[in-house]
Amino acid sequence: MITFLNHLINGISLGSIYAIIALGYTMVYGIAKMLNFAHGDVIMVGAYVCFFAVSSFGLHPVLGLVLAILICTLLGIVIEKLAYKPLRQATSLAVLITAIGVSYFLQNAAQLLWTSNPKMFPDLFGGAAIRLFDGRLTITVGTLVTIAACIIIMVVLTLFTGKTRMGKAMRACSEDKGAAQLMGINVNRTISVTFAIGSALAAIAGVLLCSAYPSLVPTTGSMPGIKAFTAAVFGGIGSIPGALIGGVLLGIIEIFAGAYISTQLSNAIVFLVLIVVLLVRPTGLLGKQIREKV
Amino acid sequence: MKKMFSNKKTLTNYITYAGVILLFVILQSMSAAGGLSSALKGQLVPVCAYVVMALSLNLTVGVLGELSLGHAGFMSVGAFAGAVAAAALKDVIPAGGLRLLVAMIVGALFAAIAGVIVGVPVLRLRGDYLAIVTLAFGEIIKSIVTNLYVGMDANGLHASFLNPTLHMEGGKIIINGPMGVSGIAKISSFLAGFLLIMVTLVIIFNLVNSRSGRAIMALRDNRIAAESVGINVTKYKLMAFVISAALAGAAGTLFAMGQNTVSASKFDFNTSILVLVFVVLGGLGRMWGSIIAAAALTVLPELLREFSEYRMLIYAIVLILVMLATNNPTFKNFFSKIFKRKGVKNHE
């Protein structure tokens, strides 16, 4: 029972990280209708920035996180301006390939700048933990912070998209860009803001991911990126609560599959569950069913 | 003769065949005369394998119009099935060429079976959902092959999953889990690669120009209209998908039989993406484009070797710039204006 609880908490913690990454995917997809394959690599950049800020310059972890968020936000805006904006009218496949190009670029630039030797990410929470049931169940502060961060981000984003002018503009753009433009919404700026928010979330996810799994290499972001993308589709891409549910479920499934079935097959089981879900609900758990008109 | 080429498409097809033959003859004679560096010589078989991969993926993406992000999975199935077949038949068929042919057929067959298993559920989905499920299947195939152990002794083939002990009496291990296949007798040759490209082209061009091919393209252009005139969606989609998977399997066998060792991690998501890049850069549905893009982009990192560590960075920048140049309206107008001016001058 205690081991079960332990796995459950680990699963929720990992799932929260996936959910934060998945939010970035889902928001960008909802508005720009593109699969941003470079998202996983922005995570990696965020983790490196925080790593150098904390280990090399001795900054406080919170300052390191803020710095990572700032740099990733900037990076997201620059990528969008240089690589994606010129392709607004192009086919989605062309944008996809460009995103892959950006992903290659970030990975190789990171390899040149920081080499491919793994960096040991410092434990930002000093290894503090809460012990329950006579110390049989340990919950690290890192786990609690991760889960709390995920919940806070979710609430803030839901309020942001629901209440603010910018959030409403985002929803309008995701529904119909042409009509939104006619209503006086600056579509280009809205898309830029979405990229900025997505990249800031990627930075947070990168820092949280690396404090849980400390080995940092230039390809750190790609597998979590793919998993989070899977989580976004799982929950219904374009939906914010969907990203949360998809991410957390995916994390739990991955940890349980690894613990109770086979560590080597945990990835395969995650993807198998995704396939089954999509066959039953072709647009994900919370995705909108689009009716086809002739 | 004139009537034969009256169709512009037929002409393009013949030019593609001729171009491939010409390239083969040039490269083969250069290679025989010692005009190719050993690094480039070593690239000849992988280039052929990637060309076939790009052609087969172009059938799915360009002709059928469905985005697949897991094409390397079929290559993996073909590579390992072919490697097992080649190793098992070593004593039965001593001639390398014939053994390669049999191995390729086995590889293609297994990949086709995988294609049916993947295709039946996947082709029910649409657009990006279909793409993510092909990605998922690619990863599942990778996980399965990584944990597969196959060996052979006097009693025949033994296989086990997840468990490295094979209960063999002597014999030898062919697929060793995450380590993959090692000590491969290299039976792939540039000639075999060239022949596989030609066979692939014949299959694809004949399919595209047939009744089935027209049905497949009708589905791509307007599924609802095609369905309403009585085209069987599942049948034709599956047909294109399975042929594409089988060709990828043959390419996988060709690739594996030209390497010393292959492991499942070679055929991951990045390989699928790489092949997709070839297809998109070469042009959807344009087979000669796929051939050129696959060949050029496989050799490009080799040619950029003098930039050593910067080469992949340059590769990424080239990729982004090419996509911007070919898809941005401003760039496109700029280029078309230049060409138009030239055209006007020629008239004068």
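Summary table below
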read-out: Criterion violated by residue B:320 - all others in (1) among the hydrophobic types (A, V, I, L, M, F, W, C); (2) outside any helix (DSSP H, G or I); (3) within 7 Å of chain A (Cβ to nearest Cβ) satisfied; value: (2)
read-out: Which listed residue, of B:256, B:294, is away from chain A (no Cβ under 12 Å) and within 12 Å of residue B:55 (Cα to Cα); value: B:294
read-out: Test: residue in region A:92-108 that is on the phi > 0 side of the Ramachandran plot and of a type outside the set (S, T, N, Q); value: no
read-out: Contacts under 7 angstrom Cβ, first residue in region A:173-187 being β-branched (Val, Ile, Thr), partner crowded, with 16+ Cβ neighbours inside 10 Å, 6 or more apart; value: A:185/A:169; A:185/A:172; A:185/A:173; A:187/A:173; A:187/A:177; A:187/A:180
read-out: Test result for residue B:263, at pLDDT below 90 and farther than 27 Å from residue B:7 by Cβ; value: yes
read-out: Selected residue (only one of B:97, B:70 is within 14 Å of another protein chain (Cβ to nearest Cβ) and either surrounded by fewer than 17 Cβ atoms within 10 Å (Cβ to Cβ) or closer than 21 Å to residue B:242 by Cα (or both)); value: B:70
read-out: Flag if residue A:210 is part of a helix (DSSP H, G or I), crowded, with 23+ Cβ neighbours inside 10 Å, at pLDDT 90 or above and more than 14 Å from every other protein chain (Cβ to nearest Cβ); value: no
read-out: Breaking point among (1) of a type in the set (A, V, I, L, M); (2) part of a helix (DSSP H, G or I); (3) loosely packed, with under 14 Cβ neighbours inside 10 Å, for residue B:92; value: (2)
read-out: Pairs where the first residue, in region B:31-51, is surrounded by 15 or more Cβ atoms within 10 Å (Cβ to Cβ) and the second is of a type outside the set (Phe, Trp, Tyr) and not in a helix (DSSP H, G or I), C-beta under 6 Å, 6+ apart; value: B:45/B:188; B:45/B:258
read-out: Residue count, region A:52-106 (criterion: part of a helix (DSSP H, G or I), more than 13 Å from every other protein chain (Cβ to nearest Cβ) and at pLDDT below 85); value: 3
read-out: Complete set of residues in region B:247-295 that are among the β-branched types (Val, Ile, Thr) and touching a strand residue (DSSP E or B) at 6+ places or on another chain (Cβ under 6 Å); value: B:262
read-out: Only listed residue being surrounded by fewer than 20 Cβ atoms within 10 Å (Cβ to Cβ) and within 14 Å of another protein chain (Cβ to nearest Cβ), chosen from A:148, A:109, A:129; value: A:109
read-out: Helices (runs of 4 or more DSSP H) completely within region B:183-295 that count 1 or more residues being buried (at least 21 other Cβ atoms within 10 Å of the Cβ) and touching a Phe, Trp or Tyr at 6+ places or on another chain (Cβ under 9 Å); value: B:190-208, B:211-221, B:233-256, B:269-282
read-out: Qualifying residue in region B:166-185 (condition: more than 14 Å from chain A (Cβ to nearest Cβ), closer than 28 Å to residue A:223 by Cβ and of a type in the set (Gly, Ala, Ser)); value: yes
read-out: Filter result for the condition that a residue is over 20 Å from the mean Cα position of the chain (by Cα) and in contact (Cβ under 8 Å) with a residue 60 or more places away in the chain, over B:188, B:182, B:228; value: B:182
read-out: Region B:298-311, residues that are buried (at least 18 other Cβ atoms within 10 Å of the Cβ) and within 12 Å of chain A (Cβ to nearest Cβ); value: none
read-out: Residue check for residue B:105: more than 30 Å from residue B:221 (Cα to Cα), at pLDDT 90 or above and out of contact with any Phe, Trp or Tyr (no Cβ under 6 Å at 6 or more places or on another chain); value: yes
read-out: Qualifying residues in region A:132-162 (those that are among the hydroxyl-bearing types (Ser, Thr, Tyr) and assigned to a strand (DSSP E or B)) - the one nearest to residue A:205 (Cα to Cα); value: A:140
read-out: Residue check, residue A:174 modelled with pLDDT under 90, within 14 Å of chain B (Cβ to nearest Cβ) and in contact with a Lys or Arg (Cβ under 9 Å, 6 or more places away or on another chain); value: no
read-out: Residue satisfying condition, being within 18 Å of residue B:242 (Cα to Cα) and out of contact with any Cys (no Cβ under 8 Å at 6 or more places or on another chain), within set B:131, B:154, B:185, B:159; value: B:131
read-out: The listed residue being farther than 20 Å from residue B:254 by Cβ and at pLDDT 90 or above, out of B:92, B:51, B:61; value: B:61
read-out: Failed condition for residue A:241, given (1) crowded, with 23+ Cβ neighbours inside 10 Å; (2) more than 11 Å from every other protein chain (Cβ to nearest Cβ); value: (1)
read-out: Condition check for residue A:290: facing chain B (nearest Cβ under 10 Å) and modelled with pLDDT under 85; value: yes
read-out: Positions within region B:65-94 being without any contact (Cβ under 8 Å) to a residue 12 or more places away in the chain and out of contact with any Lys or Arg (no Cβ under 8 Å at 6 or more places or on another chain), in sequence order; value: B:91, B:92, B:94
read-out: Near pairs, Cβ below 6 angstrom, 6+ apart or cross-chain, from region A:25-42 (in contact (Cβ under 8 Å) with a residue 40 or more places away in the chain and more than 10 Å from chain B (Cβ to nearest Cβ)) to any residue that is in a loop (DSSP other than H, G, I, E, B) and surrounded by 24 or more Cβ atoms within 10 Å (Cβ to Cβ); value: A:26/A:237; A:28/A:36; A:40/A:221; A:41/A:221
read-out: Residues of region A:262-274 satisfying the condition of being at the interface with another protein chain (Cβ under 7 Å from one of its Cβ atoms), crowded, with 19+ Cβ neighbours inside 10 Å and either in contact with a Lys or Arg (Cβ under 7 Å, 6 or more places away or on another chain) or in a helix (DSSP H, G or I) (or both); value: A:267, A:268, A:271, A:274
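The values are calculated or read from the model by the stated rules, or taken from the named source; none is laboratory data. Model, not experiment: these values are computed from the prediction. Reconstructed Cβ throughout: ideal geometry from the backbone, glycine too, with neighbour counts over all protein chains shown.
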